[in-house]
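Everything below concerns the one structure shown next.
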Amino acid sequence: MIIDKYIKPKTIEEAYSILTTKENSQIIGGGAFLRLSKKHISSTIDLSNLKLDFVTETNNYIEIGAMTTLRELEINEITNKYFNGIISTSIKNIVGVQLRNIATAGGSIAGKFGFSDLITALLVLDCKVVLYKTGVVNLADFINQKNNDIVEKIIITKNNLRADFQSVRNTKTDYAILNAAVSKHNKNFYKIAVGARPGIANYAKKAENFLKSVDFSVQNAEKAGLIASEEIKFVSNFRASAEYRQELCKTLVSRAICNVNVSSKKSNG
């Protein structure tokens, strides 16, 4: 990677102006993953002076600033208090503490990385992304759209979702071969996301619809895992074959479904 000019704007307006007027400019979060690219960047825009590193809680929402590190999300009392701690669980095995102290929530979301564990976990929550010019968009829409905007923060609705995250790695600190997340709201409303396929996470809509029509059982959880494995597209790379990922999907999805139902029973006494 080659960088011609490194800029630390004092306002988000200044940052946006540089991004949209300077050709080949690039927002930098922690820079942990950007440095792996072979890009030639004319102007790198560092947001660290914009006070976007925060985790706050209101009556209805959790708000996460774009420059909040993954390590802070991992250990933060607010993010750990909700959704069975899915955010911390999805982050805790990403490479090592040193990297998690550098990589940021906004960088992970804006990068739309196929290997992202955090995106997979957030997709099963009621999660929105706040962009400087565009405003508020659903995370699922954001990751499938092209945009030239700045992520300011992530907003997660506080509700009674039970959630679970699963992943498989060759080694503990490696990138995931496959990851999956499941949430359950009320009796039969599920969200299922599968990522590191190695593409960015997708919803398993057919599996979700199947679960709406049946009561929970281990057998139905396994059937949903099978359905998810057949509807999601998998690709081979140096970490694993598409066929292996498909087999993993069955287990990870069914295991996560079982876990959210176990947590539901515990929460109901």
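The values are calculated or read from the model by the stated rules, or taken from the named source; none is laboratory data. Owing to the predicted nature of the structure, the values given are computational and were not obtained by experimental measurement. When we count neighbours, we look across all protein chains shown, and the Cβ atoms used for this are built from the backbone with ideal geometry, even at glycine.
Look through VAL235, VAL168 and report the one residue that is outside any loop (DSSP other than H, G, I, E, B) and within 20 Å of PHE115 (Cα to Cα).
On the way: VAL235 fails: outside any loop (DSSP other than H, G, I, E, B).
The match here is VAL168.
When we screen ASN188, ASN144, ASN148 for residues that are touching a helix residue (DSSP H, G or I) at 6+ places or on another chain (Cβ under 7 Å) and free of Cβ contacts under 8 Å to residues at least 40 places away in the same chain, the only hit is ASN188.
Among the residues of region 199-210, are any touching a His at 6+ places or on another chain (Cβ under 9 Å) and closer than 20 Å to ILE87 by Cβ? No; the residues of region 199-210 include none that is touching a His at 6+ places or on another chain (Cβ under 9 Å) and closer than 20 Å to ILE87 by Cβ. Does at least one position in region 77-90 carry a residue that is in contact (Cβ under 8 Å) with a residue 24 or more places away in the chain, in a loop (DSSP other than H, G, I, E, B) and buried (at least 21 other Cβ atoms within 10 Å of the Cβ)? No, region 77-90 contains no residue that is in contact (Cβ under 8 Å) with a residue 24 or more places away in the chain, in a loop (DSSP other than H, G, I, E, B) and buried (at least 21 other Cβ atoms within 10 Å of the Cβ). Taking the criterion of being buried (at least 18 other Cβ atoms within 10 Å of the Cβ) and in a loop (DSSP other than H, G, I, E, B), the residues of region 210-232 that qualify are PHE216, ILE232.
Only one residue in SER116, SER167, SER217 is over 17 Å from the mean Cα position of the chain (by Cα) and of a type in the set (Ser, Thr, Tyr). Which one? Lay out the reasoning, then the answer.
Working: SER116 fails: over 17 Å from the mean Cα position of the chain (by Cα); SER167 fails: over 17 Å from the mean Cα position of the chain (by Cα).
Criteria check complete, one pass: SER217.
When ALA15, ALA66, ALA32 are screened for being buried (at least 17 other Cβ atoms within 10 Å of the Cβ) and modelled with pLDDT under 90, only ALA32 passes. Do the conditions hold for VAL95, that is, is it on the phi > 0 side of the Ramachandran plot and either surrounded by fewer than 19 Cβ atoms within 10 Å (Cβ to Cβ) or of a type outside the set (Ser, Thr, Tyr) (or both)? Answer is yes for this residue.
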